[in-house]
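A short write-up of the structure that comes next.
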Amino acid sequence: MYKRKRKLINKPLQLKLVGIFTAIGATCALFQVILINTSLLELAQSIPNGGERLLEESRVIVLKNTLWTLGVLVPLMVCVGIAATHRVAGPAYRMTQHLKEIAAGGAVRHCKIRKHDEFSELCDALNAALDQLAPASDRGEEFSEDWTQDSPAAAEEERKDKAA
């Protein structure tokens, strides 16, 4: 089986998707920071003695935990995002290149993607469409120059109408 060496096949698409995933994850993490900070503030205000000290310490604790969370979360999400988009961007890139080759006058042949890639159904549909568009002689069928010739079902229906 073919193994792609490059993880960033379609750099603009993959980086855009990874950026969206990372922004959503970072936003969720920062929302948790706000909730924890609010809870610590309420706790500090409700303590009769030592509330100010808890409030002072909580700022440092929240800042340190936020930096650790984002410092670990962002690179992890980027790596996982690239790995996840690799199975989407690769087939999309392959099918695009395949169609460009055909448009440039290359041979009409089946597009192939890796077994576990996404878009296998789209690749199969593309191949079925290419089979229909390829000249009939390329598929070993009889080729007719008459492009106006009706389909067999339409010819059968016309014959029945004439007989009636």
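The values are calculated or read from the model by the stated rules, or taken from the named source; none is laboratory data. Just so we're clear, the structure is a prediction, and the values are computed from it rather than from any experiment. So basically every Cβ, Gly included, is an ideal-geometry build from the backbone, and we count neighbours across all protein chains shown.
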| Scan of the stretch 100-128 for residues that are within 25 Å of Lys16 (Cα to Cα), at pLDDT 85 or above and either loosely packed, with under 14 Cβ neighbours inside 10 Å or among the small types (Gly, Ala, Ser) (or both), ordered by number | Lys100, Ser120, Glu121
| message | Return the pair list, or none, for Cβ contacts closer than 7 Å from residues in the stretch 1-16 that are closer than 9 Å to Gly90 by Cβ and modelled with pLDDT under 85 to residues that are of a type in the set (Phe, Trp, Tyr) and not in a loop (DSSP other than H, G, I, E, B), at least 6 apart or on different chains. | response | Ile9/Tyr93; Asn10/Tyr93
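Got a sec? Which of Arg94, Arg59, Arg53 is closer than 30 Å to Lys7 by Cβ and basic (Lys, Arg)?
Numbers: Arg59 fails: closer than 30 Å to Lys7 by Cβ; Arg53 fails: closer than 30 Å to Lys7 by Cβ.
Being closer than 30 Å to Lys7 by Cβ and basic (Lys, Arg) holds for just one of Arg94, Arg59, Arg53, which is Arg94.
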| request: Test Val60 against the stated conditions and say whether it is touching a Ser or Thr at 6+ places or on another chain (Cβ under 7 Å), over 30 Å from Lys115 (Cβ atoms), hydrophobic (A, V, I, L, M, F, W, C) and part of a helix (DSSP H, G or I). | output: no
